[in-house]
Structure formats: structure tokens, C-alpha cells
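**Student:** Please find one structure pasted underneath; my questions will follow.
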Amino acid sequence: MTDATAASAAAASWESKVEKLGVGFPLRRFRLRDMSDDELLACSQAMSIGLSLEEMQAARDHFLGRDGEDDPTDVELEALGQAWSEHCCYKSSKPVLKANVYGIAEDKIAAREDAGIVEFDDEHYYAVGLESHNHPSAIEPYGGAATGVGGILRDVVCMGAQPVALVDPLFFGPLDMKNADLPPGVKHPRFLLDGVISGIRDYGNRVGIPTVAGGITFHEGYTGNCLVNVGCIGVVRKDELVHSKAGGVGDVFVYLGNPTGRDGIHGVAFASEELSEESEDASRSAVQVGDAILKEPLMHVTLEVIREGLTTGCKDFGGGGLSCVAGELAYDAGYGCHIELEKIPTKVPGMAPWEIWVSESQERMMVTAKAENVERILQIAAKWDVPAVVCGTVIEEKVNHVTFHDETVLRLDLEFSTGGPVYDRPCAVRTVEPEPTPELPVPEDMEEVLRWMLRHSSVMSKEWVVRQYDHEVRANTVLKPFQGALGSEGPGDAAVLKPLDASDRGLALCSDVNPYLTERDPYWGSASAVDETVRNLAAVGARLSSLCDNLNFGNPQKPERMWELYEATRGLGDVARALDVPFSSGNVSLYNETPTRPIPPTPTVMGVGILSHYKHATTLDLKAAGNRLYLLGETGDEFGGSLYLRYHDAEGGSVPRTDAKVLADSAEAVVSAIEAGTVRAAHDLSEGGLAVALAEMCFASGGLGAHVHADALHEDPVVALFSESNTRWLLEVPEDRAADFEAAMAPVADRLRHVGSVTDDGRVRIRTGETYAVDADAASLREEWANALPRLMGVEA
């Protein structure tokens, strides 16, 4: 019998080894002990639980060895499918994370649970998280993106923190792609972008939390698998922090929020497999349905019961739904739980126990409380018109015990189910050697290269997107996504918030990664993402406090992808370790791959910075004619993955490298100068190098210009204008403060260059040798930058 014939026979025969139990509701028992290997695998595939043959065998062996009934129910198998999914148990990434990321600056982390907890001031923590909703957004972009925002909000709220801002790093295929070039079953990037933006806009605006930072990256590698990463930060009093674990035996489980429905079933299994042209039909039910109007009062209820001291633990319903939240609350406290499933409110009648157990319906929270506090919790929920029910208790034995109308439908050992398998998967090592920049003809018109760069999707204004978000709700936003003169704003390096009335400290947020760098060199590309994060925060006057990482990669069962994951985390970890800065929170999203290709390695980095005073917040726009311009940092021949090589449609070159000590010293010098009042404007140099950064500073000023001598940076004018070397800033300094500035910058004086001055003519002039490589009207450059995205989206005014 051939393998195909055996698989076909197994697909037809495994169901004969399943018994329907006559208990008055849908419940099945599976005789795994009688199933062949082919039948075990066919069973897993038919149930869409995503367990491999080895995992099905481990489940069979476990059930054979347990006391009592040795055949699992459908509820138990479904629960294992959720708990052992890549999304929930990190079975492929744990060894890599332990080797490269875990354990860095742990003394600076107060807690790391549903969100990371880090000190903000003497009385407060900030809670921060970064998550992904990639697969759902590729299938249903509006709902996928909206529920991604809802999920990250719950992660922060369940720690007792009031959310103060959202961040949305997004990744799509080229907007100008022809329909004929789309792979089968793939939606056009314009459709995906429009749907994702609408979902984030509607959810964030309606729930009343500002979206203040993020980014949109376009690359052909995201055509079949867009990425929707969402972050959130909140603030909590230290004495009101609540943990994601129960208090003790006898605690009561109280379910808060939306009734449970059939939406989101098998969501984590769907997120743990590659997308295919069948995903649209096969997995649509795995996409959850959000309700921002319910989320807002649900947040109020959760925070109120926490602040009144009524809870012993709190956790949101995320991946795996009730199957994960109940057991984790109990197990993390060293206990077990008994859940009475019939008490869970449902959206539709007749739901089977397994559907209720694994549904990922949105807008749900679970709290544990002492019995004497339950009545008050229910009163608060009723006040806000939020559904609330008591559904279980914490028990001594470390098991998940679930009953439905007094019938046991699940009894799982929590150490077995929550532990999950761990795989040390092989890597196919690819040697990345430094490469010289390819010899290319020097452009006759450097100004046209700059204009092309400003129109390019990597640089062009994302104002059409950002203006759809409310980035000022709650009235805490000090620096918005666009900064500068009214009507001429440019792209800010980071957003700044003043989250507390009683404190003058500021919070700065940004996110960074450049997939054109990471696909060429995952190590240095990832190191560059941390470098750019530090640069962006320093440019607004903030010191880096912590990092979050969202690791978006392809199929970990392919050794090439595992090598990319390993190298990327090594790059992140090495720089963070040298900076002594922790990863306060993170997420791993694998299987971002289609039959045509994987995504480029995308380790999204979110940075959280703290300003000693919010009034130190500094913008990129030039402030006054006659002020000096300095460039801090070394400019080298580093063009690997650069925008300049893309202009030539060329490959090669070395990805920019990072020296963490130089980065730390330089960032501290910039922030200290800002605090001393000697820097009026600051902007980091990234894609497009000096030329793009200077153009942005000029046109954001609304009428000022600049005259810069690039010869001070490098003898090659192409390198001087367009190099993307790391750890560089352009700084504007008043003439009468120049001596003070230079004295304060003495520790980094060897990397500081006085390159020019601010002018009042509104022109961007960059001199190389005896001629001007660029002599352009700043307002016309802004038009190139501002009109590119509306033109691509077909929404020009």
C-alpha cells in the first residue's frame, strides 16, 4: 500500500474509533489506543487541532497512563491542540529565546506576564506589550486588525494598568502590484491596507485610546502574508498591580464580558500553519469578531474591581480562549481549577462543550476573587452593563476539571497540558560575508535621486493613514506622529506622552525594523533595528527604558527559517545586552509563509523611552535661520539593503553595523544636550541617509532651509548623501550655544561634525566639492513626499 493510499484509508477509518456519548449534549470519546499512526494524524487534521503525529502519540500515551478513563474526549483533544500550538507554547522558539534574549537586565523588570511591567517613577509602573494578528488580517483585514488591537489592550488592562497609547507596525506587499501578478487566493495589498487601517482606526478611536506610533513597510515578501503587529502601553500604580494568577484554593472564577460564540475557534492552530489559497474558506471561522463598544466598559469594570482590591488574579481571554485562561490562572499559582461550563454565557444555543472551551470570542476577561468579594464584582459589572457570571473555583489538585451539567467533559493534568513539547529544530547556516558596494554609475542628477527616494514607499508620507487615527484622545499626547509647522509637518522620530497629571516625566514610543536589511543579514539587520530605536528615542529627548520584540518569521520546520530566527534574536540580544536594556515583553509569530515564499525576517522592535521632563520633547523641524547644523556619527560605505541600491535596482554591499558602546555614548550625549537646552531640533539618519533626513527637517519647518557641506562626512558624494550607516543624528544648535554644545559633546567629539547652517530661503542645499549636488525647494520636496501614498491608493484630492 502506498503512503497516499494508507493516508486515504486512515482518513476514512479513524472515525470508526470515535464514540458518541449519550449524555444529552454533543460529546465524543476517542479511542486513540486503537488508532494507527496514519489514523492519529488523520484525526488531528480532520479536527483542525494542528497536532503532529509525535504529539498525537504523546497524547495517546498520556491518556493511557492516567487514572480512570484512558480515552480522551473531544474537549480534551481540542484543549491540547490549543495549548500545544506554536502560538501558545512557543515549542520551536523557546530554545532560541533562552539562548539569545531571555535573562537580559532582568533586574529592571518588575513582572513579565500578559504584559511586561517596568518602573516609570517611584509610585508607578508602565505595562507594555507587543503582539501580532497576522494570519487573521490576511483573511479578513478589518476584523483581524481590530481584534489585534482589542487583544493587546486586554493584555495591559489585566495587569491593572490604564492603557494610554497604541502602536501599529504594519507590513504589506507593493501597492502598485498588478492583479495579474497576485498568487492564487491572495488579496491585493491595497485592499489589505485599507481594511487593516479601517479596523485599527475604528477600534482604537471607539475605545478611546490614541494610536500614536508605528510604521508601514512595503516589500514584495509580504504580498501573500501581510503582518499586523500592535503594541500598547499603560500605567499602573505600584500598589494596584495585579498578577495573572489566582490567590489560593477556594478562589472563585468570575467571567466578565462578551458571551462566547463560534467565532475564533481554532484561531491559535490557524496562526500556527502556513497560509494557502484554501485558507480563505477553510479558516475564516478562526477570525474573531471584535466589539469596541463593549470593550470600553469592560476595561472600566476590570480596572475598577482591581483598584477596589476585589481580585486575587486577572487574565484576558486570548489565544486558546477559556481552555488556556482558566488553567493558566490556577497553574501559575500552583493549583488547579474546576470550571462549570454550562454557566458560561453563549451567543447561540446548542454550542458543544468543546466549542465553548476553545472559542476565542473577543471582549472577555477572567478574574479570580475571594468568595466574599464576588457580589461586589457583580454589582460593578451590572453598573457598567457588562455581563458577568461565576463559573468555577480554584482547587488543590493541579488539574483542569471541567464539567458540563455535572458531567465531566475534561480532566487534564496541568503540568502535562501547559508544558507542551519543545523542539530544538535544526538550522541551515548561511554564511554572510561583508560585501563591497557594487560599482554603479554616479547619478548625474542627485536631486532626482532624492526626489525618487521621497516618493518611495519606504520614505513617503503615511499621513493618509495616520490622520484616520485619533492620536490626541485622553489629552496626553505631547509629540504627535507628525511634527513641525502647521500644514508642513514632517515624520516625527517618536511620539511622546505625559501619562500622569502628577508627574512631569514623559513616555516616548517608537517601533522599528527594516526588512531590506534583515533579509540580507538577519544578525546585523536586527542589530540595526535596535540601533534605530535608540536613535529615534534619543532624537525626542528620551532614554531607552525597555524593548519589546515581535518575531515574525516563516515556517520553523524549514532549517533556513530557523537560522534566520536564531541570527535575528542573536542580533537583538547582543545589542540589548551591551546596552543593559531588557526585553520587557514580546511575541513570536511563525509560519508566516505561503506556497510562493516566506516573509523576510521581521523582528519588529518597539522601544519605550523615558524623558526626565516632558518639556524636553524635541521635534525634527528646523527652528531658526542662522543656527548651526551638526552631524553626530560616522558615515561609511554601507549600502547593503539600502534605498540607494534599490534606486539602481542593484544588490550587494554590506548591511550597516552597530557598535553598542558607541550607540550608548552617542545617545546619552544627544539626550543630555537636549536637556541642557543646546539642541533645538534633532532627527536620526536612516533610509535615504543625509539627503532624506535634511529634506525632512527643512520642509517640516514650513519655510526654512539648510546649507550643508557634505565633504566633511565622506570624500565620495554618493556615500556622503545616501549612506545608511547607523548611529547618526542631525542636530540644530543656536549659534550662541554652540560653544556650550561642543563642550558638552566632548565625549563623542571624534564623531561630531559641524556640517552647515539653517537658512531662511526655504531651500535644501547640499554641497559636494565646488558644486551643489542638491539645490531644491523644500516645499516641492514635501509635495513629492506627501502625495505618493494617496496616488498609490487612488485617493488624491
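**Student:** Quick check: at a probe of 1.4 Å, how many percent of the accessible area of segment 3-72 sits on carbon and sulfur atoms? Before the final figure, lay out the partial values.
**Tutor:** Working: 1630 of 3550 Å².
Answer for segment 3-72: carbon and sulfur cover 46 percent of the accessible area.
**Student:** Hey, another quick one. Would you give the gap between the C-alpha center of segment 22-46 and the C-alpha center of segment 451-465, rounded to a whole Å?
**Tutor:** So the separation of the two Cα centres works out to 54 Å.
**Student:** Something else now. To make sure I understand the rule: partners must be aspartates and glutamates, Cα under 14 Å from the Cα of LYS91, and not fewer than 8 residues away in the same chain. Which ones qualify?
**Tutor:** GLU54, GLU55, GLU273, ASP424
**Student:** Sticking with this one: With only alpha-carbon atoms in the gyration tensor, what are the semi-axes of the equivalent ellipsoid for segment 103-150, in Å, largest first?
**Tutor:** On the way: eigenvalues 194, 30, 7 Å².
Each semi-axis is the square root of five times an eigenvalue, giving 31, 12, 6 Å.
**Student:** Just how far, in whole angstrom, is segment 382-432 from segment 133-206 if you go by their alpha carbon centroids?
**Tutor:** If we compute the Cα centre of each part, the gap is 27 Å.
**Student:** Which order do you get for TYR142, TYR630 if you rank them by accessible area with a 1.4 Å probe, largest at the top? Let's see the in-between values first.
**Tutor:** Numbers: TYR142 80, TYR630 5 Å².
Reading off the accessible areas and sorting them downward yields TYR142, TYR630.
**Student:** Binning at 10 Å from 0, report for segment 1-122 what percent of all alpha-carbon pair distances ends up in each bin.
**Tutor:** Distribution as computed: 11, 32, 24, 16, 11, 5, 1, 0 percent.
**Student:** For segment 222-264, I need the span (max minus min coordinate) of the C-alpha atoms along each principal axis, in Å, sorted largest to smallest.
**Tutor:** If we take the Cα atoms of segment 222-264, the spans are 50, 33, 17 Å.
**Student:** If the viscosity is 1.306 mPa s and the temperature 10 °C, what translational diffusion coefficient in µm²/s does Stokes-Einstein give for segment 149-195 when Rh comes from Kirkwood over Cα pairs?
**Tutor:** Working: Rh = 13.4 Å.
Rounded, D is 118 µm²/s.
**Student:** Now for a separate question. Please state, to two decimals, what the Cα-based radius of gyration of segment 369-484 comes to when divided by 2.2 N^0.38 Å (N = residues). Walk me through the numbers on the way to the answer.
**Tutor:** On the way: Rg = 29.8 Å, N = 116, 2.2 N^0.38 = 13.4 Å.
Segment 369-484 yields a ratio of 2.22.
**Student:** Taking Cα centroids, how far is segment 673-726 from segment 617-636 in Å?
**Tutor:** 6 Å
**Student:** Continuing with this model, one more query. Cα convex hull of the chain: how many Å³ per residue? Don't jump to the answer; show the numbers that get you there.
**Tutor:** Numbers: hull volume 124.8 nm³, N = 797.
Considering the Cα atoms of the chain, their hull volume per residue is 157 Å³.
**Student:** Continuing with the same structure: Could you give me the percent of Cα pairs per 10 Å distance bin for segment 631-671, shortest bin first, beginning at zero and ending with the bin that holds the maximum distance?
**Tutor:** 25, 39, 27, 9
**Student:** Same structure again: In the structure displayed, which of LYS480/LYS615; LYS315/LYS370; LYS108/LYS498; LYS295/LYS315; LYS295/LYS347; LYS108/LYS238 lie more than 19 Å apart, Cα to Cα?
**Tutor:** Details: LYS480/LYS615 14 Å; LYS315/LYS370 16 Å; LYS108/LYS498 22 Å; LYS295/LYS315 15 Å; LYS295/LYS347 16 Å; LYS108/LYS238 14 Å.
As for pairs spanning more than 19 Å Cα to Cα, those are LYS108/LYS498.
**Student:** Could you work out the helix-only [θ] at 222 nm for the chain, with each DSSP H run of four or more residues adding -39,500 (n - 2.57) and the total divided by the number of residues, to the nearest 500 deg cm²/dmol?
**Tutor:** On the way: 27 runs with 272 residues, N = 797.
One gets -10000 deg cm²/dmol as the mean residue ellipticity at 222 nm.
**Student:** What whole-number value in Å² describes the accessible area per residue of the chain for a 1.4 Å probe? Walk me through the numbers before you get to the answer.
**Tutor:** Working: 27680 Å² over 797 residues.
Ligands and nucleic acids excluded, the figure is 35 Å² per residue.
**Student:** Related question: Cα convex hull of segment 3-72: how many Å³ per residue?
**Tutor:** On the way: hull volume 6.2 nm³, N = 70.
Cα convex hull per residue, to the nearest whole number: 89 Å³.
The values are calculated or read from the model by the stated rules, or taken from the named source; none is laboratory data. This one's a predicted model, so the numbers in the text were calculated from it and none came from an experiment. Calculation scope for accessible area: heavy atoms of the full protein, side chains included, ligands and nucleic acids excluded. Shrake-Rupley method; radii C 1.70, N 1.55, O 1.52, S 1.80 Å.
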